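Step one of this worksheet: look at the structure below.
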Amino acid sequence: MKIPVGFAVAVLALSMLAGCAAKKEEVPVSVTLEKSEFGLVDGKPAQLYVLRNTNGMEIAVTNYGAHLTRVKTPDAKGNVADVVLGFDSLEGYLGKHPYMGATVGRYANRIAKGRFTLNEKEYRLATNNGPNALHGGLEGFDKKLWSAEEVPTNDGPAVRFTYVSPDGEEGYPGTLTVSVTYSLKADNQIQIDYRATTDADTVLNVTNHSYFNLAGAGKGSILDHVVTINADRFTPVDSGLIPTGELRQVDATPFDFRSPVAIGARIDANEEQIKLGGGYDHNFVLNGDTGNLRLAARVKENTSGRVLEVLTDQPGLQFYTGNFLDGSVTGKGGTAYGKRFGFCLETQHFPDSPNRAVFPSVVLKPGDTFTSTTVYRFLTESR
Ligand code: BGC
């Protein structure tokens, strides 16, 4: 039988209180957690954790790849839809797919030629994206079975996944212990907290790779979504989508999202960077200070009135408009996900930073703790 953990805790707390003479206020539980079996990964059970709040929102996460599998959130009229692309069962996540909802690491995005030098030693990674390394390699964090625990927060229980990546895994140095904690807040925010430590110098860049469609997963393209990105500059790329090293001003380019613009307005512009990306597939250099949680992007879908705000303390944001989706992946409810059916806003360090001394450092040393927070905040607005 599935007993929501928050409910069980509330019942326990109440029965304990009943035995006390002192009158205490009942603490309202605004988030509940339900755990169920999700299937087997190499013979080992994976779990699905569903978090629900009292404000109409529900999310689900699994310890397989620490994926965010479901984000059900109300529209302006209170109708709930799942706004992330993904699959109805574990089999979909085990199959070939472009990181839908995954936790990506050790190094999210690309490292040129799968090589980098750290402390004068060259490290070689698998090249799984043309000549380059992408999203942690052949078997990145997205394909690992993480351990899971429930952790308390002010709003109710949250779920923490932990993975220990052995020294040399996928070519990266150091034993890396990484955790990702998913919390759902009473006010419809999803908070994702990353933490990592290492026993030898290494490089690290972790992100969440959710594809959003605020009209509902599978409800066509995202070209009508209206986007704002808090960035004066972006990192132009070469034909392999590796940054050239330049931090280019967005002024007078299709990359100026400092005021709200529909994704589709300039996505097919006759412009070099748009053509290289096949649309938007670029890292934006976020304004404000790295280390401070700040608004990175805001997206509005007008027919539903749903709004997504993304906050991060990281220096960059990969805006990817699902240009490589081609209908070959069939997701929730049997829907084939076509070109531009979802967009990603991946909070991150800049791609290929291990090879770019001018980019903010991604080196993690023993004794230091990497921490980072991403918030996906859901709101509604009438037209
Ligand atoms: C990259 C895309 C890639 C996608 C799926 C994004 O983070 O920027 O180029 O196709 O992930 O792998």
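Using only Cα atoms, what Kirkwood radius does the range 253-383 have, in angstroms? Over the range 253-383, the inverse of the mean reciprocal pair distance is 16.7 Å. With the highest mean first, a sort of the peptides 109-119, 308-318, 240-250 on other beta-carbon atoms found within 10 angstrom per residue produces 308-318, 109-119, 240-250. For the chain, the longest principal axis of the C-alpha atoms and the axis of helix 5-18 are separated by about 30°.
Expressed as a whole percent, the proportion of Cα-Cα pairs in the chain lying more than 28 Å apart is 45%.
Grab the other residues whose beta carbon is less than 11 angstrom from that of residue 82, score K and R as +1, D and E as -1, and report the net.
Values: positive: 70, 72, 219, 332; negative: 58, 88.
So the environment of residue 82 carries a net charge of +2.
Using a simple spin-label model with pseudo-atoms 7 Å out from Cα toward Cβ, residue 187 and residue 162 lie 3.1 nm apart.
Contact order for the chain, expressed relative to its length and based on alpha carbon pairs under 8 Å spaced 6+ residues apart, stands at 17 percent.
The packing ranking, built from the mean of other Cβ atoms within 10 Å per residue, places the peptides 339-351, 86-98 in the order 339-351, 86-98, highest first. Between residue 120 and residue 247, the FRET efficiency from the beta-carbon distance, with R0 = 35 Å, is close to 0.85. Using the Cβ atoms and a cut-off under 15 Å, what net charge is assigned to the surroundings of residue 237, where Lys and Arg are +1 and Asp and Glu are -1? So the environment of residue 237 carries a net charge of -1.
Tell me whether the range 182-240 comes out rounded, prolate or oblate; compute the Cα gyration tensor, take square roots of the eigenvalues as a ≥ b ≥ c, and use a/c under 1.5 as the rounded threshold. Because a/c hits 1.5 or more and a/b fails to exceed b/c, the range 182-240 counts as oblate. Maximal additional length on extending the residue 175-residue 150 stretch stands at 6.6 nm, based on 0.36 nm per residue less the C-alpha distance.
Given 0.36 nm per residue, what is the gain on full extension from residue 293 to residue 382 after removing their alpha carbon distance, in nm?
On the way: separation 89, 0.36 × 89 = 32.04 nm, distance 2.69 nm.
So the chain would gain 29.3 nm between residue 293 and residue 382.
Net charge near residue 211: determine it from the other residues with C-beta under 11 Å of the C-beta of residue 211, scoring Lys and Arg +1 and Asp and Glu -1. Before the final figure, lay out the partial values.
On the way: positive: 340; negative: 346.
Every neighbour counted, the sum reads 0.
If r is the Cβ-Cβ distance from residue 89 to residue 365 and R0 is 41 Å, what FRET efficiency results, to the nearest 0.05? Once the sixth-power term is evaluated, E becomes 0.50. Taking the alpha carbon gyration tensor of the range 115-244, multiplying each eigenvalue by 5 and rooting it gives semi-axes of 29, 25, 14 Å, largest first.
Listed here are the pairs 35/332; 275/339; 35/77; 144/300; 96/339; which of them are more than 23 Å apart at the Cα? Intermediate results must be reported in sequence, preceding the final value.
Values: 35/332 20 Å; 275/339 15 Å; 35/77 29 Å; 144/300 33 Å; 96/339 17 Å.
As for pairs spanning more than 23 Å Cα to Cα, those are 35/77; 144/300.
Readers should treat all values here as calculations from the given coordinates under stated rules, not as data from a laboratory. Only a predicted model underlies this, so the values are computations on that prediction, with no experimental measurement involved. As a convention, Cβ positions derive from the backbone with ideal geometry for all residues, glycine included, and neighbour counts pool all protein chains shown.
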